[in-house]
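Notes for the one structure printed next.
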Amino acid sequence: MNTTEYEQIYNYLQNPNQRHVPRSIPQQSVNYTILEDRLFRKNNGKYLLVIQSPEVDQIVSYAHDHPMGGHFGFEKTLQKILQHYWWPKMGRYIEQYVKSCETCQKMKNPTKVEPLQSITPIGTMKKWGIDLIGPLPRTIKGNQYLVVSIDYLTKWPEAKAIGDKRAETVASFVVDEIICRHGVPSELVTDQGAEFNNQLLKHIAKKTSMTHILTSPYHPQANGQVERMNQTLAGTIRKLIEDYGNTWEEYVATALFAYRTTRQSTTKYTPFYLLHGYEAVTPLNKRLARIGNPKDLQKRLGQLIEILSNRVQARENIRERQKIQKKYYDRGLIGQSYIVGDLVWIDKKVLRRIPRDKMDPKLEGPFIIMRKNKNGTYYVKDRKTGVELKTAYSGDKFRKYIIQRRWGEPMVEIEQLEGIHEGTEFPRQIDASDEDV
């Protein structure tokens with residue numbers, strides 16, 4: 001809010017009988033009040049601190065690109081700020097701010113084309129998913145991997161920078177960061193990488209009566225929502241690498257804090273609240289005046305009773321969100337799956353070829369699709385070398401390769417015919433050079 005309008009509303013609320021007040025001010029002032037010498041806006045039973053123009057960039061920066069902000073998208077950044085602050089047209093500005101963030105722009109993902117698969121949580125800290133991110137740029141302390149785990153219900157994450165991905169290293173993380181901190185889970189979900197699929201982790205699972213679920217390799221949606229959560233956290237870590245280079249491990253804790261204090265679209269709560277029963281104090285809300293006495297026993301008892309109900313509600317929110325996500329996610333997939341003969345780029349990360357620096361391309365190719373599996377994975381052949389890769393890769397790690405057409409040359413496309421996936425028809429080439437642009 002600009003200074004003039006702010007002062008007009010503030011002064012009117014202090015003295016409604018003053019003369020020469022613009023006509024709009026009395027009507028606008030109905031939505032505001034003054035608390036501790038600051039202007040607050042009434043919003044659904046809450047009071048939001050009104051931010052003046054010089055304060056806007058600092059607030060948005062704290063919420064988005066500060067180490068405790070997490071570089072989250074527009075909706076989560078907006079919801080985080082709307083917990084405490086307000087200014088006119090804030091949604092439009094925050095959306096523009098997030099879209100124009102240079103760090104975020106450099107981290108776009110491959111195109112997703114495969115149907116969504118989800119796994120429903122079974123209880124608080126009962127089902128954890130684990131993933132490994134890396135190799136990342138080696139830090140000063142020698143760490144180049146990040147092992148990440150997330151609870152399916154609360155979305156509470158744990159993560160640790162590690163120097164290698166040996167079975168012993170990953171097993172120590174499971175014992176120290178999950179079992180000793182949150183208790184033995186009922187289920188542990190991982191992919192089939194050697195760091196997870198080994199005798200040591202099987203021994204730990206047997207001794208603790210924990211079920212170890214192994215998902216299909218190189219198909220992230222087989223692990224459903226936890227993989228998407230890990231991708232979000234991985235994106236945050238990669239942005240920290242962009243910002244802080246070989247000291248990124250020092251900011252893992254702040255990245256986790258940012259995730260834990262961000263309202264999740266699936267549960268409708270922050271992970272911090274679902275675990276502890278109250279919201280965390282952050283740099284964003286520390287300046288706000290406390291309401292009530294935090295040592296009040298009755299208040300705390302009420303919070304504990306409320307959190308039990310809200311955890312049940314969070315589970316139902318996840319189920320409903322999954323239905324909506326699958327409906328809209330799958331609706332846009334019709335006719336978009338790749339077919340035999342298509343040329344594609346592949347994400348370097350799944351090829352175990354991490355981009356060396358920020359100028360190195362994220363994708364590699366082109367590859368020719370040779371065969372498709374029912375679970376949305378593909379076998380491909382390197383077009384340049386003619387070598388067929390032994391591993392099947394998820395189509396969600398691909399991006400369509402577009403052949404460059406010089407001026408005057410006809411454009412050739414592969415026509416997708418009905419029945420192509422059932423094997424009753426074959427793709428054929430068509431001359432598309434005369435079609436409308």
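The values are calculated or read from the model by the stated rules, or taken from the named source; none is laboratory data. As the structure is a prediction and not an experimental result, all values here were calculated from the model. All Cβ positions, even for glycine, are placed from backbone atoms using ideal geometry, and neighbour counts span all protein chains on display.
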How about segment 39-60: which of its residues are in a strand (DSSP E or B) and either of a type in the set (A, V, I, L, M, F, W, C) or crowded, with 16+ Cβ neighbours inside 10 Å (or both)? Leu39, Phe40, Arg41, Tyr47, Leu48, Leu49, Val50
On the given criteria, is Gln79 at pLDDT 90 or above and part of a helix (DSSP H, G or I)? yes
Of those in segment 125-156 that are in a loop (DSSP other than H, G, I, E, B) and aromatic (Phe, Trp, Tyr), the residue farthest from Leu274 (Cα to Cα) is Tyr152
Kindly provide the set of residues from segment 20-68 that are in contact (Cβ under 8 Å) with a residue 60 or more places away in the chain and either over 30 Å from Gly235 (Cα atoms) or among the basic types (Lys, Arg) (or both), ordered by number. Leu35, Glu36, Leu49
Among Phe196, Phe173, which is modelled with pLDDT of 95 or more and either in contact with a His (Cβ under 8 Å, 6 or more places away or on another chain) or crowded, with 18+ Cβ neighbours inside 10 Å (or both)? Phe173
Segment 192-204: number of residues that are in contact with a strand residue (DSSP E or B) (Cβ under 7 Å, 6 or more places away or on another chain) and over 13 Å from Val170 (Cα atoms): 1
With the requirement that a residue be surrounded by 13 or more Cβ atoms within 10 Å (Cβ to Cβ) and either assigned to a loop (DSSP other than H, G, I, E, B) or in contact (Cβ under 8 Å) with a residue 40 or more places away in the chain (or both), what does segment 370-390 give you? Lys372, Asn373, Asn375, Gly376, Thr377, Tyr378, Arg383, Leu389
When you scan segment 35-60, how many residues do you find that are of a type in the set (S, T, N, Q) and closer than 19 Å to Pro283 by Cα? 2
Give segment 1-38 a look and list any residue that's among the aliphatic types (A, V, I, L, M) and part of a helix (DSSP H, G or I), or say none. Ile9, Leu13, Ile25, Val30
In segment 73-80, is there at least one residue being farther than 18 Å from Val281 by Cα and in contact with a Cys (Cβ under 9 Å, 6 or more places away or on another chain)? yes
Does Arg38 satisfy the criteria of being under 18 Å from Trp86 (Cβ atoms) and charged (D, E, K, R)? yes
Return yes or no: is Ser61 under 19 Å from Gln96 (Cβ atoms), at pLDDT 85 or above and not acidic (Asp, Glu)? yes
Note on Gly142: of the conditions (1) under 30 Å from Gly245 (Cβ atoms); (2) in contact with a helix residue (DSSP H, G or I) (Cβ under 6 Å, 6 or more places away or on another chain), unmet is (2)
